1. Leaving out ligands and nucleic acids, note down the accessible area per residue over the stretch 34-91 with a 1.4 angstrom probe, in whole Å².
2. Using a cut-off of 11 Å between beta-carbons, work out the net charge of the residues near SER257 (Lys and Arg +1, Asp and Glu -1, SER257 not included).
3. Counting only protein heavy atoms and a 1.4 Å probe, tell me what percentage of the stretch 69-164's accessible area is made up of carbon and sulfur.
4. Can you give the local net charge around SER136? Use residues other than it whose beta-carbon is closer than 11 angstrom to its beta-carbon, Lys and Arg +1, Asp and Glu -1.
5. Looking at the stretch 209-262, which chymotrypsin sites (Phe, Trp or Tyr not before Pro) are DSSP coil and have at most 13 other C-beta atoms within 10 Å of their C-beta?
6. Over 23 Å between Cα atoms, which of LYS260/LYS331; LYS225/LYS260; LYS20/LYS98; LYS98/LYS333; LYS20/LYS326 qualify?
7. Roll a 1.4 Å probe over the protein heavy atoms and report the accessible area of MET123 in Å², nearest 10.
8. Could you state the accessible area per residue of the stretch 254-339 in Å², with a 1.4 Å probe and every protein chain left in place?
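The values are calculated or read from the model by the stated rules, or taken from the named source; none is laboratory data. What you see is a predicted model, and the numbers here were worked out from it, not measured in a lab. For neighbour counting, all protein chains shown are included, and Cβ atoms are generated from backbone atoms with ideal geometry for every residue, glycine included. The protein model used for the area step is the full one, side chains on, heavy atoms only, and it has no ligands, DNA or RNA in it. Shrake-Rupley method; radii C 1.70, N 1.55, O 1.52, S 1.80 Å.
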Amino acid sequence: MRKRGLLRYLGFCARIIGMKTVLIEALAFVLICVFGTAAGGFLIMLYCGVSNFVVGCPLDLFSARGFIDGAVIIFPVLLLFVPMFLFLTLIRHPRYNKISGATTIALLSLAAWIFLAPISHEMAKSRNVFYREDPSELSPGYFRNINEKNYYFTFLTGNYASGIKIDGDYFFSNNSENHVHMLDNNYIRFRRDELGFSDSIVGENLTPPAALLNFMRGVTVIQQKAYEASNAGKIEWLLFSSLMAALVAMGAVVSASEWKLADAFYITFDSFAIMALNALCLLGFFEKAADAIRDAGTFLEPAANHFQVTMNCAIILALVFMGTFKAIIHKAKKNRRNA
């Protein structure tokens, strides 16, 4: 009787801990989404102000419209990282119920991605936030590198400029006079650089490191393709959502190791690896692999045509298998210790 009563008590405690974990993770999900979106909107507002800044002109950083547009842009991007942050909280607190916590994170993340991200994309479309306007009018009196040529403007009005143009090979040529050209109200089409900066002086000094730049490019590709998929229809959006399904499948390996540090490494590495693989797939780096699947047989053609979905399904199966295998091993070790 005592043993049966003890088991009932332990079961009751487990249910209480499981419910507490669900509530904590749900609250953490809401807080991360709200404050993360606000912080991201603020940072994008600052970025827009700096990208529009022209040396010699007033700097305008704060804008209510820029903040709202930034929040609309950043919300779907933030959702990609929410599962990783929440899974790390499960690892950080060993008393949390891992099964109920991982299930809560997976359901909330998938629901937010499937139902709320398209709303954000629709708002971005209605607000025209991805429209890249022409750069602000540049200021005279500065040397600028534009299209691999150096310019010094003495007068500017719109796209018409006066001053001098120095070719890029000026300092390496024996006859340097032929590489200097006078500008007299010449038409020059100014464009923003790759990162969206109006003034090349600002862009050259704020270019991020190569690793961060490649990360930003990958996230931008995923954001752009997600926007296109959500506007293409429900089927296309659900197929693209296999990316989020792969990210939440990491819950299967939350307790893959007996070391919390190793579990945190698995979650972090897998998150970035999944997003990197999807970005490379969207950029067309796996076309040869898709062709190889297509050549294996006509019945595999749907898998080849939707290679991103196939890849994400393979990732999900691998994570579930690894988590199940690790759980069996841990249970066997625990039984041996209690024997």
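1. On the way: 2520 Å² over 58 residues.
Accessible area per residue: 43 Å².
2. Details: positive: LYS260, LYS326; negative: GLU258, ASP263.
Computed value for this residue: 0.
3. The value for the stretch 69-164 is 60 percent carbon and sulfur by accessible area.
4. -4
5. Working: sites: PHE215, TYR227, TRP237, PHE240, TRP259; in loops: TRP259.
Listed in order of number, the matching sites are TRP259.
6. On the way: LYS260/LYS331 17 Å; LYS225/LYS260 35 Å; LYS20/LYS98 12 Å; LYS98/LYS333 18 Å; LYS20/LYS326 25 Å.
Long pairs (Cα-Cα over 23 Å): LYS225/LYS260; LYS20/LYS326.
7. Here the residue's solvent-accessible area equals roughly 80 Å².
8. Normalised by residue count, the accessible surface of the stretch 254-339 is 66 Å².
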